[in-house]
1. Rounded, prolate or oblate: which one fits the chain, using the alpha carbon gyration tensor with axes a ≥ b ≥ c (rounded when a/c is under 1.5, else prolate when a/b beats b/c, else oblate)?
2. Summing -39500 (n - 2.57) over the DSSP H runs of n ≥ 4 in the chain and dividing by its residue number, what mean residue ellipticity at 222 nm do you reach, to the nearest 500 deg cm²/dmol?
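Every number here is computed from the coordinates shown, using simple stated rules; none is lab data. Here the structure is a predicted model, which is why all the values come from computation and not from measurement.
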Amino acid sequence: MTSGSSSDANKKVAAGICGILLGGLGVHKFVLGYTTEGIIMLIACLPTCGLTGIVGLVEGIIYLTKSDEDFVATYVQNKKGWF
């Protein structure tokens with residue numbers, strides 16, 4: 001791991017839990033620094049009556065099941081915003 005990767009890997013747990021519990025509001029996107037995606041989810045939450053929570057749930061599970069190295073490579077280094 002490179003310097004700082006440990007703190008980036010710690011975001012995995014925070015983003016995963018936020019995705020599962022508060023996914024409809026896009027909180028997990030803000031934790032990862034994806035402001036645009038977080039705002040999209042927050043705005044989409046209102047007219048869809050929270051159906052965006054399913055997206056957050058799925059993303060939270062994906063985050064938590066990836067290895068630390070895969071998570072950092074995919075979501076921190078490559079900035080993959082969705083799934």
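1. Values: a/c = 2.54, a/b = 1.96, b/c = 1.30.
Prolate.
2. Working: 5 runs with 52 residues, N = 83.
That calculation yields -18500 deg cm²/dmol at 222 nm.
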